[in-house]
Each structure stands twice: as structure tokens, then as C-alpha cells.
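Laboratory data are not the source of any read-out in this text; all were calculated from the coordinates shown. Please read all numbers here as calculations on a predicted model, not as lab measurements. Cβ sites come from the backbone with ideal geometry, for glycine too, and all protein chains shown count toward neighbours.
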């Protein structure tokens, strides 16, 4: 994929989002069914590449760490819209969708994306460094958010089962927003230098794109992200039927949703790691998972209370153990500010464990 700093946008950067809109139009008007699913899947993946390109253009224009926030916030807002729309139309069957998606996002980011970035960067550059103060700050917020929203519901007694009562749900939503808002303040204002590449990074001397190019990319990024989520929603019924045929748990739907939504960020983080910019990879990965929890939980909590729909948040015992191991390994990885291929392999093995036991519980 050509670099976002090359000055001229490649033809596919605008063609693929247009193709995705055309495919969505055919799906909406003709309802072609399962045979059309392959075209929808191709359009979705192609549009993801376009989204990554335009996000990199904007990121280069606004600089770090604001640039890495662009994709994280945009994708998370669209993800929230997808989950909320499925909650509205899906009834009680979607009570655990938000939990499954959020937990899958944590596993995909903390083990899949971070592991792949560390491994790819280590293979290419042997050892890489990053500002551990920023990563440590993000991880501390992540531990608090995941414990509050995914673990506490299993131990409260006001409401039966792995759920919060209405007052507890409101409290969890407010605290989630406070934690995420505080992290954004630290990342962009108070301690911005914690999230900047040491030494200025490789791209310090590259000329940023003009305001006009950045605005065009911002518009195309929004179109691309909307198209990605709309196509993912269009493919969901086919996915659910396939999951039912093979006998996999329904929670796999949440994994697929989180994977599709995080694919643009994952690709951008991987490209940054192979370019010896692990700091950018860490900003993207940890920022995206914090945005996922910090924005998704308040949104779905509001919808749940407004529509009086059940909302299951608590993880089961197996998932709690896997979450605890993941967070512990992340602490050890981040502790030194230096990474090697071994750490990447460990994270990827944990990701494989997550995927295997999600399909074979």
C-alpha cells in the first residue's frame, strides 16, 4: 500500500469507498441474499485499506498524539452505532452483545494487534522502544475500565446475575466517561510528551499534506468507516447462520464485529511497527481499546435503560482468567519500554487461546 505521505492519493483510496456504497445500494434495493455475500465481503476488506490510508493522511497532518486519536474515535463511534442498532432490532438475544464485543476488542488489541506489531517489528528491527510512561498510563486506565465493566457485575448483589442495576449502570457509565476523558486530557494536553516518539520519529522531516488534502481524506475516511460498518451489519445474518451451522457459540458474533471494526486500526498499527514507529502502534492500539470501552459502555447503558432491554456485562470464570493473564502480560511487556520477538509471540499465543476457547468452550 502506498504511503500516505507520498502526496498523491492512489486511485483505490476513493474508488473502493464508492464501490462499497454501490454494493450497499444493491443490497438495500435488491436483497440478493447469500450469493452476494462474497461481493460484500470483498468490498468491506477493500474499504478497510482505504480507511487506513485516509487515517494516515489525517494523522500526518495533525501530528502525534492527535493523529492516532482520529481513527480510534471515528471507528469506536461507528462501532457503538452498530452495536446499538443491533440491540434495538435484536431484542433479548443481544443482551450480551456489548459484553462479547468489548471483551473481544480487549483480546484483539492487547494480544492480537500488539502481539503482531511487536513480532513484526522485532523480526525487522530486532528490538524496538517506546515511551513506557504513556503506555503505562493507558494500561492503568484499561485495568480500571475492564474491572469495573466486565468483572464487577458478577459480584454485585442488587441485581440478579452478571448484570448491573439501573443505578449501578448509570454509575459505571459515568465513571467510564470520566476515566476515558481523563486519559484524553493527559494524552493530548497535560503529558503529551509521554505519547510522542522518542527523538521525533522517522517522519519528522516529511512535509505534511495540505489542509485541502486532509479535509478530503477526512470526508473519505468517514464514508469508508460508515461503509465498513454497514457492510458488516449486512453480512451479520449470513455470519449468524454460518455460526449456527458449525455449532459455535453466539459470542463469536461479537468477536467478528470487533475484528472487522478494529481491522483499520490493526493495519495502521502494523504498518507503523514495520516502519520502526512502535510508539505510534502503541498509541493506536491502546487508544482504540480505551475508546471502545469508555464510549461503548455509556452508549449501550443509555440504550438499555431507555428501551428497558436487558444488558449482560459480566464475564464467565474462564474469560475472567484470560483477561487477568492478558493484563498481567501487558504490564510485563510495557514495563521496560523495550520489546523483542519473544513478547510478540507470547501475546499472539494468548490471542490464539482466546480464539480457540471461544469456538470450543
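Taken together, 161, 122 contain a single residue that is surrounded by fewer than 21 Cβ atoms within 10 Å (Cβ to Cβ), over 17 Å from the mean Cα position of the chain (by Cα) and assigned to a loop (DSSP other than H, G, I, E, B), which is 161. For region 332-361, the tally of residues that are without any contact (Cβ under 8 Å) to a residue 60 or more places away in the chain and not in a helix (DSSP H, G or I) stands at 1. The set of residues in region 295-330 being in contact with a helix residue (DSSP H, G or I) (Cβ under 9 Å, 6 or more places away or on another chain) and in a loop (DSSP other than H, G, I, E, B) consists of 309, 310, 311, 312, 313, 314, 315, 316.
Checking the conditions here, which among 260, 239, 267 is on the phi < 0 side of the Ramachandran plot, crowded, with 16+ Cβ neighbours inside 10 Å and free of Cβ contacts under 8 Å to residues at least 40 places away in the same chain?
Of 260, 239, 267, the one residue that is on the phi < 0 side of the Ramachandran plot, crowded, with 16+ Cβ neighbours inside 10 Å and free of Cβ contacts under 8 Å to residues at least 40 places away in the same chain is 239.
Kindly establish whether residue 97 is in contact (Cβ under 8 Å) with a residue 24 or more places away in the chain and surrounded by fewer than 21 Cβ atoms within 10 Å (Cβ to Cβ). When the stated conditions are applied, residue 97 does not pass them.
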